[in-house]
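The values are calculated or read from the model by the stated rules, or taken from the named source; none is laboratory data. All values reported here derive from a predicted model rather than from experimental measurement. Cβ placement follows ideal geometry from the backbone for every residue including glycine, while neighbour counts extend to all protein chains displayed.
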Amino acid sequence: MSHEPLPLAALVAGATGSGVVWSLPRGGGVNVNLVRLEGGGSIGEHVNDAVDVVLLGVEGTATVSVDGLEVALEPGALLVVPAGARRAIAARGGTAGYLSLHRERGGLMPRGS
C-alpha cells in the first residue's frame, strides 16, 4: 500500500456512475470505501446490526436519513451511524461522494427496511 495521500475528491470527480470508486484492501481490520452517488442517486433504507459506521463527506452534499432524522453530509462533515440504526443516503443536487468506514467484518449484509 502506498504512503501517499489519496486525492478523494479527485477520485470522485474522475469517476462515472454511482457506486464504490475505491476501497482499502481487506485484511487490515477496517473496511473503508469511497462511494460516489450521481445526482438523484441513492442507497435505499437499510439496517446494519453489526457495526457502527462512520461517514465522511468528500464531495457535493448527500442527505443521510438516520432513524428518520435527515442530516446534510457535506465535504469535511463526519457522521457516526450507530449499529442498529435505520439509514438511507441520497445525493442532493449534483454528484455526492463520501467515505464509509467501519470495523472489518466478514459475510454480513445490511438488512432492508
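When A83, A62, A50, A77 are checked against the criterion of being buried (at least 17 other Cβ atoms within 10 Å of the Cβ) and either touching a Gly at 6+ places or on another chain (Cβ under 7 Å) or not β-branched (V, I, T) (or both), A62 stands alone in meeting it. Once the stretch 2-16 is narrowed to residues that are surrounded by 10 or more Cβ atoms within 10 Å (Cβ to Cβ) and either over 15 Å from the mean Cα position of the chain (by Cα) or of a type in the set (V, I, T) (or both), the residue that is farthest from V53 (Cα to Cα) is G14.
Scanning the stretch 20-31 for residues that are surrounded by 13 or more Cβ atoms within 10 Å (Cβ to Cβ) and modelled with pLDDT of 95 or more yields V21, W22.
Of the residues making up the stretch 64-94, those that are without any contact (Cβ under 8 Å) to a residue 12 or more places away in the chain and of a type in the set (A, V, I, L, M) are L69, V71. Selection over the stretch 47-80 of residues that are modelled with pLDDT of 95 or more and either outside any loop (DSSP other than H, G, I, E, B) or touching a Cys at 6+ places or on another chain (Cβ under 8 Å) (or both) gives a count of 22. Report whether or not V12 is within 14 Å of S100 (Cβ to Cβ), out of contact with any Cys (no Cβ under 7 Å at 6 or more places or on another chain), at pLDDT 95 or above and not in a strand (DSSP E or B). For V12, the condition - within 14 Å of S100 (Cβ to Cβ), out of contact with any Cys (no Cβ under 7 Å at 6 or more places or on another chain), at pLDDT 95 or above and not in a strand (DSSP E or B) - is met. Tell me which of these T61 doesn't satisfy, since it passes every other one: (1) free of Cβ contacts under 8 Å to residues at least 60 places away in the same chain; (2) touching a helix residue (DSSP H, G or I) at 6+ places or on another chain (Cβ under 9 Å); (3) of a type in the set (S, T, N, Q). Single failed check for T61: (2).
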